[in-house]
Amino acid sequence: MRRSFRQLATSIAFTLLVVALVSAADSAKSDKTKSQGKLDQATLEKAFSESLSGATLVGSFTTDGNEGKSGDRYQLVSAKKLQGDSWIFTYKAKIGDQMVDLPVPIQVLWAGDTPVMTLTDLTIPGLGTFTARVMFHGDRYAGTWQHGEHGGHMWGKIEKAKATSSNSEKK
């Protein structure tokens, strides 16, 4: 059980990074096409924040020293900019038998119009200490992660939830 909990903690940190960046990049790209020009930083950040709710990270990760890969699937609830490069990402995680909304402070840096989520030795009580760098472009993400002595690579796509209405829910 201890090993499963460690893997869950690692996956949670990865998911937060990936979902937020991929969704934001998609929204920023869409907005840029509409405006036919370069977006300012405030517009990129707003699009990034708005695009994250309901997004799901669907991808894979590897662990150094292990030839295989494992699948990941995680839902990001929200991403809110605080000030400067500081953001709070809230992720829906299953811990034990309960679903929990887990807020995690994340630094987002920008390479032009491309967001890069960064964690450096971030300790999440009960889960451990994490370091990660995840870059998003379009609907794809790729990065590296470290959780204690374990680390590796991660990559995948972001799926955005489709809007539903009371009429579309009825069959």
- Quickly work out the Thr62-to-Thr120 label distance, labels modelled 7 Å from Cα along the C-beta direction, and quote it in nm with one decimal. 2.6 nm
- For the stretch 60-159, what D do you get in µm² per second when you plug the Kirkwood radius from alpha-carbon pairs into Stokes-Einstein at 25 °C and 0.890 mPa s? 168 µm²/s
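Readers should treat all values here as calculations from the given coordinates under stated rules, not as data from a laboratory. Only a predicted model underlies this, so the values are computations on that prediction, with no experimental measurement involved. All Cβ positions, glycine included, derive from the backbone under ideal geometry; neighbour counts span all protein chains shown.
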